[in-house]
1. Give the long-range amide H neighbours of Leu24: residues separated by 5 or more places, or on another chain, with amide H under 5 Å away, using H modelled in the peptide plane at 1.01 Å from N.
2. Past the 19 Å Cα-Cα mark, which pairs from Lys27/Lys49; Lys18/Lys51; Lys13/Lys49; Lys18/Lys49?
3. Compare the peptides 49-62, 8-21, 32-45 by average per-residue count of other Cβ atoms within 10 angstrom and give them in order, highest first.
4. For Met93, Met22, Met1, what's the fewest-to-most ordering of other Cβ within 10 Å of each Cβ?
5. Between Ala84, Val8, Ala68, whose Cα lies farthest towards the positive end of the dipole of the chain when Lys and Arg beta carbons carry +1 and Asp and Glu beta carbons carry -1, centred on the Cα centre?
6. Taking the Cα-to-Cβ direction at Ala97 and at Glu76 and moving 7 Å from each Cα, how far apart do the two end points lie in nm?
7. Under a Cβ-only charge scheme (Lys and Arg +1, Asp and Glu -1), can you give me the dipole magnitude of the range 3-96 about the Cα centre, in debye to the nearest 20?
8. Report ³J(HN,Hα) in whole Hz for each residue of the range 70-80, in order, from the Karplus equation J = 6.51 cos²θ - 1.76 cosθ + 1.60 where θ = phi - 60°; Gly and Pro get x.
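Computed from the coordinates by the stated procedures, all read-outs in this text should not be read as laboratory data. The model shown is predicted, which means the values in this text are computed figures rather than measured ones. Don't worry about glycine lacking a Cβ; one is built from the backbone with ideal geometry, like all the others, and counts go over all protein chains shown.
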Amino acid sequence: MTTTSIRVGCADKYEALKLASMALVHKSRQTYIAAVLDIIGNEVVVSLKDKSAHSIVMRSDVEAERLAAYLQSVLEGAHRVGVAEAAGDTVYMEKYA
């Protein structure tokens, strides 16, 4: 099993906790994020599986682009998120095939 990890910086601890909770639903080991709708500056706008939309404010525009790119293969079904943990304003994630 191949894993790929990333650390992304959010604007604050609240945004990091929000991202971690959306990225991985612990019981089912699946992501609650259904799609990346848009990237507006340092905000990543996502659609959840319940059809609601939310923004995640990242530390910078670069962090927003990195997060969206990392999630792309998960949203396409090629990978699954195995770990999503918030520590302060940073989120550590691992995905695997």
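1. The list, which skips near neighbours in sequence, is Tyr32.
2. Numbers: Lys27/Lys49 16 Å; Lys18/Lys51 17 Å; Lys13/Lys49 24 Å; Lys18/Lys49 15 Å.
Pairs exceeding the cut-off: Lys13/Lys49.
3. Numbers: 49-62: 14.6, 8-21: 18.5, 32-45: 16.2.
Output ranking for 49-62, 8-21, 32-45: 8-21, 32-45, 49-62.
4. Details: Met93 24, Met22 17, Met1 5.
Fewest to most other Cβ atoms nearby, the residues stand as Met1, Met22, Met93.
5. Ala84
6. For the pair Ala97/Glu76, the computed spacing is 1.3 nm.
7. Details: 11 positive and 12 negative charges, 89 e Å.
Computed about the Cα centre, the dipole is about 420 debye.
8. Computed from phi, the couplings for the range 70-80 are 5, 6, 4, 5, 5, 5, 7, x, 6, 10, 10 Hz.
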